[in-house]
Structure formats: C-alpha cells, structure tokens
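Notes for the one structure printed next.
Read-outs throughout are calculated quantities, based only on the coordinates presented, and are distinct from any laboratory measurement. Quantities reported herein were computed from a predicted structural model and do not represent experimental measurements. Here the Cβ positions follow ideal geometry from the backbone for every residue, glycine too, while neighbour counts run over all protein chains shown.
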Amino acid sequence: MSDTGLIGSILAKIAGRVAPPAAPTKDDLTLLAERHGTDKAAGHSYTQHYHRHFAELRDRPVNVLEIGIGGDFDEQAGGNSLRMWQDYFPKGQIAGLDLIPKPNVKGERIRTYQGSQADPIILAQILTDLKGAKFDIIIDDGSHRSEHVIGTFYMLFQHLADDGWYVIEDMQTSYWTPYGGGLTQVDTHQASMPFFKSLVDGLNWQEMHRPGYQPNYFDMNIVGMHFYHNLLFIKKGRNTEGSNVVTNNVFPNL
C-alpha cells in the first residue's frame, strides 16, 4: 500500500470512531414553543432571542402583555404563545389583546381582551386592570401596520417598568405597502423601521454637539435596542449617564 493509501486508511478508521457533531441544544423557551404549537420557534426563530433577553426574568412575578393572540380570524384558535409564556414565567401574569374574541383562550394566569391596539379605550382598560403596576414585557405581534406599531409604542412604552422590554415582531412589514410601509418611506417616520432607527441616536444624546438640546422621553428612557431579523427588542431604563467630554451638549472649542 502506498503512503497515501495508508494515510487514507488510517484517517478513515479514525473518522469512524469519532462521533458526529451533536445537534444544537434547544433552549427551554424553544421547547415550550414547540410543545404549545406557536410559530415563534419553527416559523420565525424568535424564541432563541426571547430566551436570551428574558431568561433572567423567569422567576420574577412579571406582568406580560402580548398584542395579537393568534389564530387569525378564527375565534376558536389562538392562544398558543400566551400558554407558552404562562409556562415560561411560572409566577407571571399574562394578558393578551386581539381584534377577534378568543373565548377558548384560558389559563390560571391568563386574561384576554378584545379590541384594536389602535383603540386607546381598550388599552386604558388593560392598564386599569394592572391596579397601578406596570408591564415588565410588552410584545407587539398585532396588526403589523406601521401606524399601529408606532402609535401603540407611543401609548404603551410609558407604562413599561424600568428594566422592562418592549418587543416588536415581524418588522419586515415596515417595507410592505399593504402594511403602511414601503421602500419609498425608508427615510421617513411613516414606516416603523425608520421610526425606530431614528431612536438609536437618542442612546447617545449626551454626546452630541447640540447647544440647548432638551432630551425627549425616549432619549431619557431607552438604554438599549437590539435589532434581529424581523424582530426588535427595546430595553427601558434611565439613560442619564453623562459624557466625559461633552457638557450640556456643547463640545469644547467648537
């Protein structure tokens, strides 16, 4: 046998003894999503990101609001993700809002509301039922129309607790004209993606040379933004850390 053949034979034997790479381990939330049949796992691959950001909250008595219960216009369908959240947060209270009544979506710690996310009256009712508390997690998986996504964010972000998360799913609709988006609007605030991108600079509002600038609510209360494929996480908190160079939005010697 030639040296080349001998080496090949040895390598083949070694390869036969080496176990194939193990399949990636699924996180707890992905397993729950599969158990409950929600498309947040297989359909969209969102659960890996949710688990990354939410794992530290699992043992807390969180208040969760999800806009969009699922099942489209079928009153007998939906609720899969609400049940997933109920299992993932064993001490959590889970609320869901949908345009269509969902009488079969029930759970010990699940309550549902019927109405439009664009209706301030139903949103006010949901907040009233919190009895002075705030949401720790708000997930917008509703109409996906840009005007609704932006309007709901304006109405609800102030009712999110510090260290809480505001999540928007299916951000691809920002580029689709039937949802009020489109590529012609990428440089305007009419579509959801350019609107939220415009908030990124506010993370560093203290560093800008803008004499007399008064930070807005989002400048002062957003401490992190995480963009993924079709998915956005916004972290709430007090963004008050000062600059070590700029004073009162005036860069020295400019």
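Taking neighbour Cβ counts within 10 Å as the exposure measure, how do Asp201, Asp136 sort from fewest upward?
Asp201, Asp136
Only counting other Cβ atoms within 10 Å, I'd like Trp165, Trp176, Trp205, Trp85 sorted with the fewest neighbours first.
Ascending number of Cβ neighbours within 10 Å: Trp176, Trp205, Trp165, Trp85.
With runs of 4+ DSSP H residues as the only contributors, calculate the mean residue ellipticity of the chain at 222 nm using -39,500 (n - 2.57) per run, divided by the residue total and rounded to the nearest 500.
My calculation for the chain gives -8000 deg cm²/dmol from helical runs alone.
State, as an integer percentage, the relative contact order of segment 28-236 based on alpha-carbon contacts under 8 Å between residues 6 or more apart.
15 percent
Net charge within 12 Å of Leu97 by Cβ-Cβ distance, Lys/Arg positive one each and Asp/Glu negative one each, not counting Leu97 itself?
-4
Write down the percent of antiparallel bridges among all DSSP beta bridges whose residues are both part of segment 24-115, to the nearest 5.
Around 10 percent antiparallel, to the nearest 5.
Under 19 Å from a point 7 Å along the Cα-to-Cβ line of Val250: which residues of segment 180-220 have their amide N that close?
Within reach of a label on Val250: 205-215.
Net charge around Ile222, counting only other residues with Cβ within less than 9 Å of its Cβ (Lys, Arg = +1; Asp, Glu = -1)? Numbers along the way, then the final one.
Values: positive: Lys235, Lys236; negative: Asp219.
With Lys, Arg at +1 and Asp, Glu at -1, the neighbours total +1.
Could you tally the net charge around Ala77, taking each other residue with its Cβ under 11 Å from the Cβ of Ala77, Lys/Arg +1 and Asp/Glu -1?
-3
Antiparallel versus total DSSP beta bridges in the chain: what percent is that, nearest 5?
40 percent
Just to be sure I understand, if you calculate Cα extents along the principal axes in Å for this structure, which of [x] 62, 45, 40; [y] 82, 64, 41; [z] 56, 34, 33 do you get?
Checking each listed value against the structure points to [y].
I need the calculated FRET efficiency for the pair Ala77 and His226, taking r as the beta carbon distance and R₀ as 30 Å, to the nearest 0.05. Spell out each step's value before the answer.
On the way: r = 30 Å, r/R0 = 1.01.
The pair Ala77/His226 has a calculated efficiency of 0.50.
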